[in-house]
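Each remark here refers to the structure printed beneath this line.
The values are calculated or read from the model by the stated rules, or taken from the named source; none is laboratory data. Treat the numbers as computed from the prediction; the structure is a model and nothing was measured. Cβ sites come from the backbone with ideal geometry, for glycine too, and all protein chains shown count toward neighbours.
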Amino acid sequence: MLFNSFQYLLFFPATILLYYSLPHRFRWQMLLAASYYFYMCWKPEYIILIVASTLIDYWAGLQMGNTREKRKRKKYLWLSLIANLGLLFSFKYFNFFNESAREVFNHFNMFYNVPYFDVLLPVGISFYTFQTLSYTIDVYRGVKGPEKHLGIFALYVSFFPQLVAGPIERSIHLLPQFKKQHSFDYDNFVGGLRLILWGMFKKVVIADRLSIYVDKVYGGTPEAHSGLTLLIATYFFAIQIYCDFSGYSDIAIGSARVMGFDLMENFKKPYFAKSISEFWKRWHISLSTWFRDYVYISLGGNRVPKQRWYANLLIVFIVSGLWHGANWTFVFWGFLHGLYLIIAILTTPIRQKLTQKLLFDQYPGIHNVIKVLITFHLVCLGWVYFRADSISIANAIVAKIFTFSDWGDLYIGIQRHFVYSLFGIAILLLIENLQTDNNIITYIQERNIFFRWSFYAFCTIIILLIGVFDGGQFIYFQF
Amino acid sequence: MADNSSIFNSKSKSALALKMSVFLIFIGVIDFSVGSLLAKLYFNAREGDFGGRINLALHQTNDIVIFGSSRAQDRYIPDMIEQQVNHSVFNAGLNGQSIIFHYCLQKLIFQRYLPKWIILELNYSELLNNHGNDNHKKDYERLSILLPFAYNDQVRSVLQEGDPFLRIKLLSKIYPFNSHLLSILKFVFKPNAQGAIGNKGYTPLNGSKIDKIISITKFQKHKNLPEIELDTLKLAYLKKFIDNAYRHNVKVIICRSPTFELNTADQTFHDRVYATYKELFRKLNVPFIEITNEQYSIFDNPKLFYDIKHLNREGAEAFSKIFAAELKPFLSKFSQKNPLTAHN
């Protein structure tokens, strides 16, 4: 069931009605049933994987709580890691590594006969396995005691607003909320609906509309297009993936808020970042903090010799790239971001001297704009690899853009899609600028009723007029 | 305190329920107003792939109506065909559509008037089963162009096959015109931009991209050609299309027209597919006109093609002349019987 599907439009109100009708002690059962039903709408049999992951981690958490011996606790942690990562590897990465190995063996004319594993990738597996792993690692580290209530823990693993595409919630933040009684709160309810509306707008009006153009350029034979077309398609993809993913996050956070639950913010105007480091504090925050806390810090972070520090950065970002997809393009994308950070660290003294020489320190406004533009374009360079089908195609696209090849020839495609896309981008820029330090929901909340209702009516009517309703999959569902 | 909070909660819920009800009415009024205006403008349009072409087809009466996808739209020039066959002709081809759409359009046209003959331009992949591509979903999604015509019971029942929630969605007056706003406005300000009204549905394509296509096919991996298996849903709609025509005493002729063959493997495959279709049409007792590159070597000339599947203006002129000559004998000889019941 997709958030932008008609089924969700029926499922969600029914769930809310039931939620607020039931006494608190029955709510977790209802939410658990609703969450399992939500997931089973994709492929019913895959619920077994979530249940298995839940039971293993629940048991491992309890066992870790029963002993103070680090050696024994580590045993249960390893069990959780092997089970969850084993599941993830089997369904998501086995074929990728298998085919890569096959190519290597074939290259050396050696025999290789490991068969292809023909299985559908379970939706959201990368998200819920990371969520449960964060629980077992936190229990191991003593950050949190084990959860004794199996039902509440199962709900933590499968809570439907954030089950299939995040935000990846920490147990210390989400688990206690399931035990707390949530009375009906007008501000939360309306604020949640506002967020859902804005998320839906970003998804169906902006992201899905942009994807029509991007798929046409990147999905066909991109090398046949001009450099200008490829550049525009890359910009469009940058907006598309942002609106697709942040739109989904907004709907998830909004849906939870309607019920009184607080999920973490996942995006904070990432394309206004003034550096790659800042970008990763604003983009997919739940994932980047997960990698920081459970991989980067475990490797030693930056409290190690310099070379080791740079290696840690590369490892974290390469693994992050691999998390996004089983393709060398994602690995390269991750590597590129790791490289950006290392280069930024190495060139800090030079850049500071340059800033002073060019008098940018006296014009911070202009300097910030330049930093934002450079950061945005570095990110876009990474998106080329993220979106392309292969590294060679991505290289060809980059070459065409940077050699200014055929720059006079812009492919528009179907004119109205292009115009709607530009309209959507204009609305997005307007709203993102209006937000300043607050998020859009707080901004709207502080306005008068006329402004608020005009905003709601505008979003609703525009969704009906130019939203794309072919049930397009959220991009991050492939993870 | 607990009592006060529950009273507060109850008041908040009531206030929210009232506000939401008022808001829904507010949205409903805007939806009705905007939707009604769009409907008025939409049904006045007479060109454009968004549905103006459908309106044009419904507001003309012609002896011969040609159905098909963009491959009908690009090559059947009504004026040229009319001159040779001495019957009025209309090109009702529409980009990206399949037999399910043609059946619905036929229903809409027959509600207005009955032509004497209908020609169905059949693409080679039209009736093939495309395993794993979920193309029925795409075919039904493309039928969204017919949403404004859901007032027709039969069209609506076809649309509901692809969308069980359609009845609820059609409560919105704007929804049927989703993504058509600019096209509708374009027609309002530039009523005959494409010239489709004067061209009676024919949409010429100018120039040729064949050289570019040939140069980029080297980037493409060679695809294994699929097994020939007919799609049961589309076959069912083809039979409905033919049967509906004959029940109204309208004769059906099916046509194969040229494509630009990039290689002999593709050409052989296309020939095999059409051989299968030919056998099918023979059993259905439906006349089948074949105009291929093999029969008419003029279509080996890439300059007549806009791309692999479509003819450009020059190609359309050459094709229409040949088609009219091939069609003429059928118009007088055609049998009155319904071929689907002829053997009962």
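Has segment A:420-435 got at least one residue that is farther than 27 Å from A:Phe272 by Cα and within 14 Å of chain B (Cβ to nearest Cβ)?
Checked against the condition, which is being farther than 27 Å from A:Phe272 by Cα and within 14 Å of chain B (Cβ to nearest Cβ), segment A:420-435 yields no hits at all.
Of the residues in segment A:131-175, how many are of a type in the set (A, V, I, L, M), farther than 25 Å from A:Gly192 by Cβ and buried (at least 22 other Cβ atoms within 10 Å of the Cβ)? Full working, then the answer.
Taking segment A:131-175 as the starting set, the residues that turn out to be of a type in the set (A, V, I, L, M) are A:133, A:137, A:139, A:143, A:150, A:152, A:154-155, A:157, A:163-165, A:168, A:172, A:174-175.
This time we only want the ones that are farther than 25 Å from A:Gly192 by Cβ, so: A:133, A:137, A:139, A:143, A:150.
Among the residues that remain, those that are also buried (at least 22 other Cβ atoms within 10 Å of the Cβ) are: A:133, A:139.
Count: 2.
Please pick out the residue among B:Asn44, B:Asn55 that is free of Cβ contacts under 8 Å to residues at least 40 places away in the same chain and within 30 Å of A:Thr460 (Cβ to Cβ).
B:Asn55
Quick check on B:Tyr124: is it hydroxyl-bearing (Ser, Thr, Tyr), over 28 Å from B:Ser33 (Cα atoms), more than 14 Å from chain A (Cβ to nearest Cβ) and part of a helix (DSSP H, G or I)?
Answer is no for this residue.
For A:Ile82, which of the numbered conditions (1) farther than 14 Å from A:Thr54 by Cβ; (2) outside any helix (DSSP H, G or I) fails to hold?
Condition (2) is where A:Ile82 drops out.
Can you name every residue in segment A:430-450 that is surrounded by 12 or more Cβ atoms within 10 Å (Cβ to Cβ) and at pLDDT 90 or above?
Scanning segment A:430-450 gives no hits.
Going by the conditions given, is A:Asp262 more than 14 Å from chain B (Cβ to nearest Cβ) and surrounded by fewer than 23 Cβ atoms within 10 Å (Cβ to Cβ)?
So A:Asp262 fits the description; yes.
Answer yes or no as to whether B:Leu94 is more than 15 Å from the chain's Cα centre (by Cα) and not in a helix (DSSP H, G or I).
no
Yes or no, residue by residue, for (1) crowded, with 16+ Cβ neighbours inside 10 Å; (2) among the basic types (Lys, Arg); (3) within 30 Å of A:Gly321 (Cα to Cα); (4) without any contact (Cβ under 8 Å) to a residue 12 or more places away in the chain:
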site	(1), (2), (3), (4)
A:Lys357	no, yes, no, yes
A:Val369	no, no, yes, yes
A:Ile374	no, no, yes, yes
A:His377	no, no, yes, yes
A:Cys380	yes, no, yes, no
A:Val384	yes, no, yes, no
A:Ala388	yes, no, yes, no
A:Val398	yes, no, yes, no
A:Arg416	yes, yes, no, yes
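Here's a check for you: in segment A:180-202, which residue that is of a type in the set (D, E, K, R) and buried (at least 20 other Cβ atoms within 10 Å of the Cβ) is nearest to the other protein chains (Cβ to nearest Cβ)?
Once the filter is applied, the top-ranked residue is A:Arg194.
Given the options B:Phe23, B:Phe32, B:Phe67, B:Phe50, name the one that is closer than 30 Å to A:Tyr19 by Cα and either at pLDDT 90 or above or not polar (S, T, N, Q) (or both). Steps first, answer last, please.
Working: B:Phe32 fails: closer than 30 Å to A:Tyr19 by Cα; B:Phe67 fails: closer than 30 Å to A:Tyr19 by Cα; B:Phe50 fails: closer than 30 Å to A:Tyr19 by Cα.
None of the other options fit; the residue is B:Phe23.
Pick from segment B:166-187 the residues that are modelled with pLDDT under 90 and more than 7 Å from chain A (Cβ to nearest Cβ): which of them is nearest to A:Ile462 (Cα to Cα)?
B:His180
Restricting attention to segment A:203-222, and to residues there that are within 20 Å of A:Ala399 (Cβ to Cβ) and buried (at least 20 other Cβ atoms within 10 Å of the Cβ), which single residue is farthest from the other protein chains (Cβ to nearest Cβ)? Can you show your working first?
Just the residues of segment A:203-222 that are within 20 Å of A:Ala399 (Cβ to Cβ), to begin with: A:214, A:217-222.
Subset that is buried (at least 20 other Cβ atoms within 10 Å of the Cβ): A:214, A:217-218, A:222.
On the way: A:Val214: 17, A:Val217: 13, A:Tyr218: 14, A:Pro222: 9 Å.
Only one residue fits best here, namely A:Val214.
Looking at A:Phe189, A:Phe184, can you tell me which residue is in contact (Cβ under 8 Å) with a residue 60 or more places away in the chain, in a loop (DSSP other than H, G, I, E, B) and within 28 Å of A:Ala457 (Cα to Cα)? Spell out how you get there, then give the answer.
Details: A:Phe189 fails: in a loop (DSSP other than H, G, I, E, B).
Result: A:Phe184 is the single residue among A:Phe189, A:Phe184 that is in contact (Cβ under 8 Å) with a residue 60 or more places away in the chain, in a loop (DSSP other than H, G, I, E, B) and within 28 Å of A:Ala457 (Cα to Cα).
Which of the residues spanning segment A:223-233 are buried (at least 23 other Cβ atoms within 10 Å of the Cβ) and in a helix (DSSP H, G or I)? It would help to see each step written out before you state the result.
Initially, segment A:223-233 is screened for residues buried (at least 23 other Cβ atoms within 10 Å of the Cβ), giving A:225, A:229-230, A:233.
Result: A:Thr229, A:Leu230, A:Ala233.
Against the conditions (1) part of a loop (DSSP other than H, G, I, E, B); (2) within 14 Å of chain A (Cβ to nearest Cβ); (3) surrounded by 19 or more Cβ atoms within 10 Å (Cβ to Cβ), where does B:Leu143 fall short? Just the number, please.
Of everything listed in (1) part of a loop (DSSP other than H, G, I, E, B); (2) within 14 Å of chain A (Cβ to nearest Cβ); (3) surrounded by 19 or more Cβ atoms within 10 Å (Cβ to Cβ), B:Leu143 misses just condition (1).
Given the options B:Lys209, B:Lys221, name the one that is farther than 30 Å from B:Leu24 by Cα, within 11 Å of chain A (Cβ to nearest Cβ) and at pLDDT below 75. Break it down into steps so the answer makes sense when it comes.
On the way: B:Lys209 fails: at pLDDT below 75.
When all the criteria are applied, what remains is B:Lys221.
Can you say whether B:Val155 is over 11 Å from the mean Cα position of the chain (by Cα), touching a residue at least 24 places away in the same chain (Cβ under 8 Å), closer than 26 Å to B:Leu331 by Cβ and more than 14 Å from every other protein chain (Cβ to nearest Cβ), as far as the supplied structure shows?
So B:Val155 does not fit the description; no.
Of the conditions (1) more than 30 Å from A:Arg452 (Cα to Cα); (2) within 14 Å of another protein chain (Cβ to nearest Cβ); (3) without any contact (Cβ under 8 Å) to a residue 12 or more places away in the chain, A:Leu120 satisfies every one except a single condition; which number is it?
Checking A:Leu120 against (1) more than 30 Å from A:Arg452 (Cα to Cα); (2) within 14 Å of another protein chain (Cβ to nearest Cβ); (3) without any contact (Cβ under 8 Å) to a residue 12 or more places away in the chain, the one that fails is (3).
Somewhere in segment A:5-15, is a residue in contact (Cβ under 8 Å) with a residue 40 or more places away in the chain and either under 23 Å from the mean Cα position of the chain (by Cα) or not in a helix (DSSP H, G or I) (or both)?
Checking segment A:5-15: at least one residue is in contact (Cβ under 8 Å) with a residue 40 or more places away in the chain and either under 23 Å from the mean Cα position of the chain (by Cα) or not in a helix (DSSP H, G or I) (or both).
Does segment A:293-303 include one or more residues that are within 21 Å of A:Lys274 (Cα to Cα) and either part of a helix (DSSP H, G or I) or modelled with pLDDT of 95 or more (or both)?
no
If you go through segment B:68-90 one residue at a time, do you hit one that is without any contact (Cβ under 8 Å) to a residue 12 or more places away in the chain, outside any loop (DSSP other than H, G, I, E, B) and among the aromatic types (Phe, Trp, Tyr)?
no
Listed residues A:Phe130, A:Phe96; which is under 19 Å from the mean Cα position of the chain (by Cα) and in contact (Cβ under 8 Å) with a residue 24 or more places away in the chain?
A:Phe130
If I go through segment A:101-117 residue by residue, how many of them are without any contact (Cβ under 8 Å) to a residue 24 or more places away in the chain and closer than 30 Å to A:Met40 by Cβ?
2
Starting from segment A:453-469, keep only residues that are more than 7 Å from chain B (Cβ to nearest Cβ) and surrounded by 21 or more Cβ atoms within 10 Å (Cβ to Cβ), then list their pairs with residues that are in a helix (DSSP H, G or I) and among the hydroxyl-bearing types (Ser, Thr, Tyr) whose Cβ atoms are within a distance under 6 Å, requiring at least 6 positions of separation or different chains.
Going by the 6 Å Cβ cut-off, there are no qualifying pairs.
Could you tell me whether A:Thr67 is touching a helix residue (DSSP H, G or I) at 6+ places or on another chain (Cβ under 7 Å), closer than 16 Å to A:Ser255 by Cβ and β-branched (Val, Ile, Thr)?
When the stated conditions are applied, A:Thr67 does not pass them.
Go through (1) of a type in the set (A, V, I, L, M); (2) over 21 Å from A:Lys179 (Cα atoms); (3) surrounded by 13 or more Cβ atoms within 10 Å (Cβ to Cβ) and name the single condition A:Leu62 misses.
(2)
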